[in-house]
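Chemist: One structure, pasted below without further comment.
The values are calculated or read from the model by the stated rules, or taken from the named source; none is laboratory data. Worth saying up front: this structure is predicted, and the values here are computed from it rather than measured. Methodologically, a virtual Cβ is constructed for each residue, glycine included, from the backbone with ideal geometry; neighbour enumeration extends over all protein chains shown. Heavy atoms of the whole protein, side chains included, go into the accessibility calculation; ligands, DNA and RNA do not. Shrake-Rupley method; radii C 1.70, N 1.55, O 1.52, S 1.80 Å.
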Amino acid sequence: MKHILVPIGSSENSINTLQYAINFAKEISAKVFVMRAYKILSKAGAFVNADDTMQRETNLYLRTMVNAVDRKDVDIKLITAKGDVLESITSIDRELGVDLIIMGPKSNSIKEEVFLGNTSGSVLKQTNIPMLIIPDGYQFTPIKRVLTAFKSGIINNENVLDPLKKVLDIFNPVSNLLLVKTPSHTKDDLMLDVELENIKSDLTITENATTFQGVLEHFQSNNPDLLCVFRRNRGFFQKLWEKNTILKKEFHCKVPVLVLRGKL
């Protein structure tokens, strides 16, 4: 992981998320690209230089945010992007190659009952880039215990575990695996790929209706400071990801959540 993208919204937690990203990048020797997208609303009579003005204001906002954190001697670049957040992330990834997105759960929403806001939720749902979600107010500490949950030990994508492997390599935490046998499981699903065998400290096999319910049952006993799950068409957040906004009563996690991409 060499390039970390941090999309910045207007929530009060944005500075905290940025500081976490910088601290994390320091540990893994990565560059941080801080991004903010803006839109120009076309209106009759709008002044000609609206685009330039918005770009300057957005760039000033980013500089203000970066000046408010401890940079830790990390290489930080600012990106002012015109247009939609998702389209901007796609363009940046195409140009730079983004290895990880770090975002807070709420980019702009101030609703207390919301865990994952519309912008963060849409990025999580639609991008193929691994994403690390930092809870509101969460302070960076070295990662000591990781819980990785999945319903099949079969790995079909060669590099899907790369972000997790990097975390394990840098922080050397306890790496517990949780294999959740769902009603649709097969015998092959219970066989661990060698890639998973190589990263496990311990393996728990449980039976639940969904991977999500398995995590809820075993989270406390594992007491992780990082939860790792997989983004699939019918995976951990199968029902939750049908919409972008996720309420706290539906899902809430007090530790960072690393969402990997790929069929697992």
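Chemist: Chymotrypsin sites (Phe, Trp or Tyr not before Pro) within region 137-208: which are DSSP loop residues with at most 16 other Cβ atoms inside 10 Å?
Modeler: Details: sites: TYR138, PHE140, PHE150, PHE171; in loops: TYR138, PHE140.
Passing both the DSSP loop test and the Cβ count: PHE140.
Chemist: Sorted by accessible area (1.4 Å probe), largest first, how do LYS166, LYS144 line up?
Modeler: Greatest to least solvent exposure: LYS144, LYS166.
Chemist: What does the extension gain come out to for SER201 and MET54, with contour length at 0.36 nm per residue minus their alpha carbon separation?
Modeler: Here the answer is 47.9 nm.
Chemist: Order the peptides 17-24, 182-189, 62-69 from the highest to the lowest mean number of other Cβ atoms within 10 Å of their residues. Before the final figure, lay out each step's value.
Modeler: Working: 17-24: 24.0, 182-189: 11.1, 62-69: 14.6.
Going by the mean number of other Cβ atoms within 10 Å, highest first, we get 17-24, 62-69, 182-189.
Chemist: Right, next: Run the quick spin-label model on VAL194 and ILE15: label points 7 Å from Cα toward the beta carbon, then report their separation in nm to one decimal.
Modeler: 5.0 nm
Chemist: What figure, in Å² to the nearest 10, do you get for the accessible area of VAL146 with a 1.4 Å probe and non-protein molecules left out?
Modeler: 0 Å²
Chemist: From largest accessible area down, sort ARG56, ARG261, ARG71; use a 1.4 Å probe on the protein chains.
Modeler: Descending accessible area places them as ARG56, ARG71, ARG261.
Chemist: Amide H to amide H, which residues 5 or more places from LEU100 or on other chains are under 5 Å from it, using H placed in the peptide plane?
Modeler: HN-HN under 5 Å from LEU100: HIS3, LEU5.
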